[in-house]
Amino acid sequence: MKKVIYLSLFIAVLGFSNSLSAQKFSGLDKSPMDMASYPTDYKVSEKVVRIIYGRPQLKNRSLAELAPAGEVWRTGANEAAEITFYQDVNFGGKDIAAGTYSLFTIPGEEEWTVILNKNLNQWGSYFYDDSADVARVSVPNGSDSASLEEFSIAFKEVDNGAHMVMGWDKTRVAVPITW
């Protein structure tokens with residue numbers, strides 16, 4: 001009797017597992033999500049800041065075409081980037097309370113405006129509402145000789161905190177963060 005029960009269970013599990021392996025999955029995202037945090041060392045669990053963002057690629061297009069100067073940009077691809085501060089910080093000269101915010105930017109020739117917005121779970125910048133802005137900071141538009149195909153965000157340690165560095169193509173923009 002036990003053998004019949006075990007055999008029946010085995011057949012049921014086998015049938016269930018075959019149906020799971022037949023599941024169709026969509027292809028890889030063309031602009032995969034990424035995450036950067038500070039401190040950058042994975043062994044340090046108490047972070048100050050973390051950002052989750054999509055990584056669009058140039059693919060023979062210009063940065064000006066993908067993130068036009070003077071227009072609000074979602075700072076990445078797909079959903080608007082979300083930045084979490086785990087403690088109160090000073091973000092580019094503005095005091096910011098611990099919490100999670102959407103991150104938008106307005107690219108410019110000489111400087112970029114970096115925006116923290118309290119509305120979360122936004123797709124792109126289609127529903128961006130400036131009345132929900134928590135802070136706007138202006139930072140100089142820098143450059144590098146090396147070109148980045150994928151939009152990237154990293155944190156660079158400095159003496160009194162860190163810089164959140166955004167890079168794409170040869171453009172580099174750094175926002176100072178202190179705590």
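The values are calculated or read from the model by the stated rules, or taken from the named source; none is laboratory data. This structure is a prediction, so every number in the text was calculated from the model and none was measured. Here the Cβ positions follow ideal geometry from the backbone for every residue, glycine too, while neighbour counts run over all protein chains shown. The area values use the complete protein model at the heavy-atom level, side chains included, leaving out ligands, DNA and RNA. Shrake-Rupley method; radii C 1.70, N 1.55, O 1.52, S 1.80 Å.
The condition of being open to solvent by less than 70 Å² (accessible area, probe 1.4 Å), at pLDDT 95 or above and on the phi > 0 side of the Ramachandran plot holds for only one of 108, 93, 124, that being 93. Restricting segment 21-78 to residues that are acidic (Asp, Glu) and in a loop (DSSP other than H, G, I, E, B), the residue that is most open to solvent (accessible area, probe 1.4 Å) is 46. Pairs meeting the criteria (first residue in segment 126-142 and farther than 21 Å from residue 85 by Cα and among the basic types (Lys, Arg), second residue open to solvent by less than 90 Å² (accessible area, probe 1.4 Å) and not in a strand (DSSP E or B), beta carbons under 9 Å, at least 6 apart or on different chains) are lacking. For segment 134-179, the set of residues classified as open to solvent by 60 Å² or more (accessible area, probe 1.4 Å) and in contact with a His (Cβ under 7 Å, 6 or more places away or on another chain) consists of 156 only. The requirement of being of a type in the set (D, E, K, R) and over 30 Å from residue 46 (Cα atoms) is satisfied by residue 110.
For segment 88-97, a residue qualifies if it is of a type in the set (Asp, Glu) and assigned to a loop (DSSP other than H, G, I, E, B), and exactly one does: 88.
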